[in-house]
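Below: one structure, written as structure tokens.
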Amino acid sequence: MHLFWITFVLGLLVCGPTQAGERTAQDREPITAIGIGHPPPDAVSATQARAMAERAAFVRAMREAAKKAGKPMPPAYNGTITTGATIHGFQVTRITSLPDGAVEVEVTVASSGIAP
């Protein structure tokens, strides 16, 4: 029995910290990002325009969060694109309607929830 524990402790000393153990306090800090979406001029109704602006703001906020986490993002929108990150566990913390019809969305996500 003692041989097991000696081998176990020596194995921990030799292997060192795992990758998860090497995370810094900054990795555990939540990332907050804000996106602003503008309503399209050709929307069928005001409700559709607001929904489209809110979706655009949400997408921009998620891209900003991935950018802040240091994940690669496409340089510009030019048709169909793929983002360079998968985001898990985000929370929409604020949705604000602006006077010009635009919508501002704030999201918060733990940096460990953003993977390439």
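Structure summary
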{"quantity": "Near pairs, Cβ below 9 angstrom, 6+ apart or cross-chain, from region 87-98 (touching a residue at least 12 places away in the same chain (Cβ under 8 Å) and at positive phi) to any residue that is outside any loop (DSSP other than H, G, I, E, B) and of a type outside the set (D, E, K, R)", "calculated": "Gly89/Val109; Gly89/Ala110; Gly89/Ser112; Gly89/Gly113"}
{"quantity": "Filter result for Thr24 (at pLDDT below 90 and surrounded by fewer than 10 Cβ atoms within 10 Å (Cβ to Cβ))", "calculated": "yes"}
{"quantity": "Residues that are of a type in the set (Gly, Ala, Ser) and out of contact with any helix residue (DSSP H, G or I) (no Cβ under 6 Å at 6 or more places or on another chain), drawn from region 31-66", "calculated": "Ser45, Ala46, Ala49, Ala51, Ala53, Ala56, Ala57, Ala61, Ala65, Ala66"}
{"quantity": "Residue count, region 38-92 (criterion: of a type in the set (A, V, I, L, M), modelled with pLDDT under 85 and farther than 12 Å from Val109 by Cβ)", "calculated": "3"}
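The values are calculated or read from the model by the stated rules, or taken from the named source; none is laboratory data. Since this is a predicted model, take the numbers as computed values, not measurements. Glycine also receives a Cβ, built like all others from the backbone with ideal geometry; neighbour counts cover every protein chain displayed.
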